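Trainee: Below is a structure I'd like to ask you about.
All of the numbers you see were taken from the coordinates with simple rules; none came from a lab. All values derive from a computational prediction rather than experimental measurement. No Cβ is skipped: glycine too gets one built from the backbone with ideal geometry, and neighbour counts run over all protein chains shown.
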């Protein structure tokens, strides 16, 4: 049996084009999912891997529709391999039943993971550079230094911590974080 898997990352995207291509390839059943590829748990992907049997083929339009990391790709291909299920990626013309297809699959996966790592490194470098220039990240401070001092004075005296936090417009966890050790 030829089984397809289509995935989009956000709810405002649709899988129409993927469905068309998977049907054109000959998929008899197609599993569809709206979930980020970075998620470890993708319900429809788990269902399709559980569904396929020896001799079946799992078909995706693109490699990034299946997974985002090399370890995730390796895990998925191992599961399919253990079940003697072929993996076909249409856009990259990959077919894991052949030795060269397996090699190419792992090379492309490694390059994709390397590219993602570079992006994360660049993002972190940009964040650090911005911090050194004085850019503040996160929510703006609600409490002035004077209000914070008052809060710290009231904290040990107040028995109802929830109402104290509400009075200052902060959460209880923030209250305890700001007043711990004081």
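Trainee: Grab the Cα-Cα distance for residue 110 and residue 36, subtract it from 0.36 nm times how many residues apart they are, and report the gain in nm with one decimal. Show your work: numbers first, answer last.
Mentor: Details: separation 74, 0.36 × 74 = 26.64 nm, distance 1.93 nm.
Extra length available between residue 110 and residue 36 comes to 24.7 nm.
Trainee: Modelled label-to-label distance, residue 46 and residue 9, 7 Å Cα→beta-carbon offset: nm?
Mentor: 2.3 nm
Trainee: How large are Rg and Dmax for region 58-182 when calculated on the C-alpha trace, in angstrom?
Mentor: 26.1, 73
Trainee: Under a crude label model (7 Å from the Cα following the beta-carbon direction), how far is residue 139 from residue 69 in nanometres?
Mentor: Using points 7 Å along Cα→Cβ, the separation is 2.9 nm.
Trainee: If you average the alpha carbon positions of region 1-79 and of region 118-145, how far apart do those two centres end up, in angstrom?
Mentor: Rounded to whole Å, the Cα centres lie 36 Å apart.
Trainee: Let me ask something additional. Compute the distance in nm between two label points, each set 7 Å from the Cα along the Cα-to-Cβ direction, one at residue 166 and one at residue 132.
Mentor: Placing both labels 7 Å along Cα→Cβ, they lie 4.7 nm apart.
Trainee: On to the next question. Just to confirm the number: angle between the C-alpha axis of helix 70-82 and the first principal axis of the chain, 0 to 90 degrees, nearest 10?
Mentor: That helix lies at roughly 40 degrees to the long axis.
Trainee: Rounded to the nearest 5, what % of the DSSP beta bridges within the chain are antiparallel ones? Please report the intermediate quantities before stating the final value.
Mentor: Values: 2 of 15 bridges.
Approximately 15 percent, going by the DSSP bridge assignments.
Trainee: How large, in Å, is region 2-114 by the Kirkwood hydrodynamic radius built from its alpha-carbon pairs? Walk me through the intermediate numbers first.
Mentor: Working: mean 1/r = 0.0720 Å⁻¹.
With all distinct Cα pairs of region 2-114 included, I get 13.9 Å.
Trainee: Where Rh is the Kirkwood radius over the Cα pairs of region 4-67, the temperature 37 °C and the viscosity 0.692 mPa s, what D in µm²/s does Stokes-Einstein return? Before the final figure, lay out the partial values.
Mentor: Working: Rh = 11.9 Å.
Answer, rounded: 275 µm²/s.
Trainee: Over all distinct alpha-carbon pairs, what is the Kirkwood Rh of region 122-182 in angstrom?
Mentor: Working: mean 1/r = 0.0748 Å⁻¹.
Over region 122-182, the inverse of the mean reciprocal pair distance is 13.4 Å.
Trainee: If I stretch the segment between residue 24 and residue 118 completely, what's the gain in nm (0.36 nm per residue apart, minus their alpha carbon distance), one decimal?
Mentor: Working: separation 94, 0.36 × 94 = 33.84 nm, distance 3.57 nm.
Full-extension gain reported as 30.3 nm.
Trainee: Counting each DSSP H run of 4 or more residues in the chain as -39500 (n - 2.57), what helix-only mean residue ellipticity at 222 nm follows after dividing by all residues, to the nearest 500 deg cm²/dmol?
Mentor: -16500 deg cm²/dmol
Trainee: Then there's this: Which whole-number percent is the relative contact order of the chain (Cα, under 8 Å, 6+ apart)?
Mentor: Working: 201 pairs, mean separation 27.4, N = 182.
This gives 15 percent for the chain.
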